[in-house]
Amino acid sequence: MFSISTKRAAVVGSTALAAVLALGAVPAQAGVNQGKHTFKMSAPSYAKTDSNGTFTGQVNMAGTVGKPAPMAWSFRTSKQVQAIATGKMTCSAGHMQLPYHDKHSNVAVDYFWHTSVPNNRRNKDYTLYGNYTFRVKVGGKTGTANLGFRFNYSLFDGISKSSSAQDGPAAEDSTAFSSDLDIAYDS
């Protein structure tokens, strides 16, 4: 079904969790992953579904040769996550290397969140992160859910010079995208 980390929920109260999200901090619960996806001209798209939802990313590599490129992305929560929600959610996304932020408040839990991160350059490592917060009811217990995701990626066009990309991009790692669902249950 889906992953619920009660360890983190016991340590971080819902007030503290809301403060972390309001500051736009990187979601600690979205895993420490070392892998990355490399967008290429021959493979400009990425998609991964896990128990929490479906994430997609896309870069028009051919249309942006020699220029920074936007990375379009989307995320939609899974039916399992939608089934435990009892209200609307707040979505907040940010980026570790670029001045990018996106936030939506009071949206349905099945909201198809999609936007683009501008100004991605070739042969650099990037990390996009996002958080959803919403009220839930699981097994008769109510609480606040925090669904966090993290996506590590780079762009490689096969044309731009780079010492790290001379032999082509690194092998793909299945840990490029990760998500975690944590629930802080009401006392």
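I'd like to know if the range 55-76 contains one or more residues that are surrounded by fewer than 20 Cβ atoms within 10 Å (Cβ to Cβ), part of a strand (DSSP E or B) and among the charged types (D, E, K, R). Spell out how you get there, then give the answer.
Looking only at the range 55-76, we keep the residues that are surrounded by fewer than 20 Cβ atoms within 10 Å (Cβ to Cβ), and these are 56, 58, 60, 62-68, 70, 72, 74, 76.
Then drop every residue that is not part of a strand (DSSP E or B), which leaves 56, 58, 70, 72, 74, 76.
Next cut, among the charged types (D, E, K, R) only: 76.
Yes: the range 55-76 contains one or more residues that are surrounded by fewer than 20 Cβ atoms within 10 Å (Cβ to Cβ), part of a strand (DSSP E or B) and among the charged types (D, E, K, R).
Would you check if there is a residue in the range 48-62 being more than 18 Å from PHE177 (Cβ to Cβ) and at pLDDT below 50? Give the derivation first.
Here is the first cut: in the range 48-62, the residues more than 18 Å from PHE177 (Cβ to Cβ) are 60-62.
Checking the rest, the ones that are also at pLDDT below 50 come to none.
No, that holds for no residue.
Does the range 82-90 include one or more residues that are open to solvent by 60 Å² or more (accessible area, probe 1.4 Å) and not basic (Lys, Arg)?
yes
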Quiz item: Can you tell me how many residues in the range 144-158 are among the small types (Gly, Ala, Ser) and either surrounded by fewer than 21 Cβ atoms within 10 Å (Cβ to Cβ) or over 26 Å from GLY94 (Cβ atoms) (or both)?
Solution: 1
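I'd like to check which strands (runs of 3 or more DSSP E) are fully inside the range 84-123 and have at least 2 residues that are at pLDDT below 95 and of a type in the set (Lys, Arg). Please lay out each step first, then the result.
Details: elements: 85-95, 101-107, 113-120.
By residue number, no strands (runs of 3 or more DSSP E) qualify.
The values are calculated or read from the model by the stated rules, or taken from the named source; none is laboratory data. Computed from a predicted model, the values in this text were never measured in an experiment. Note that we place each Cβ from the backbone using ideal geometry, even for glycine, and neighbour counts take in every protein chain shown. Keep in mind that these areas ignore ligands, DNA and RNA; they rest on the heavy atoms of the full protein, side chains included. Shrake-Rupley method; radii C 1.70, N 1.55, O 1.52, S 1.80 Å.
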